[in-house]
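Reviewing the structure listed below.
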Amino acid sequence: MEQLLFFFVAFCAVASAVYFVFARNPLYAILGLIATMFSISGMYILLNAQFLGIVQIIVYTGAIMVLFLYILMMLNLKKEDEAKKQNLMKFIGIFSAGLLLVGILGAFRGLKLGTVTGNIDGSVGLTKNLGRLLFNEYVLPFELASLLILAGIVGAVLIGKKDL
């Protein structure tokens, strides 16, 4: 049953990603991307990586996608386009809420005591193990990523600065 739920969430992620790519309206494309991010978070939770699932929701869906929507709303879209597809917006909202519900149900399903069969390592998905892995085995890619982020910040400041 858990595998079937995972495949359903994965199918929703792929379907919403395809919708994101082929949507003609940028607002609907961003909403498709938000649905994709929620689906990926649900897959993380189903794979017993709760920390990554919550970070996915908070950072990507909560912060970056809201920033995308804010910028898109500043573009002053035509009111005729918004009035025509209000039902589609309701469907996308219900679809996103359904994906979130599936992720939450998957997380709560793993909390039932006495239902686990087989050998399952309880340390999988813990932040302590993730930190150990990042700072021992993957320290070079971690530091290179931090340098890349620093270069992006410096570039953004230089582009944003008017006088040099």
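All of the numbers you see were taken from the coordinates with simple rules; none came from a lab. This is a predicted model, so every value here is computed, not measured. All Cβ positions, glycine included, derive from the backbone under ideal geometry; neighbour counts span all protein chains shown.
Being surrounded by fewer than 16 Cβ atoms within 10 Å (Cβ to Cβ), on the phi < 0 side of the Ramachandran plot, over 10 Å from the mean Cα position of the chain (by Cα) and small (Gly, Ala, Ser) is a description that does not apply to ALA49. Residue count for the range 26-41 under the criterion of being more than 19 Å from PHE7 (Cα to Cα) and of a type in the set (Phe, Trp, Tyr): the result is 1. Among the residues making up the range 13-34, those that are of a type in the set (Gly, Ala, Ser) and within 15 Å of the chain's Cα centre (by Cα) are ALA13, ALA15, SER16, ALA17, ALA29, GLY32.
Residues in the range 124-143 that are loosely packed, with under 10 Cβ neighbours inside 10 Å and either under 18 Å from ALA49 (Cβ atoms) or within 24 Å of the chain's Cα centre (by Cα) (or both): LYS128 alone.
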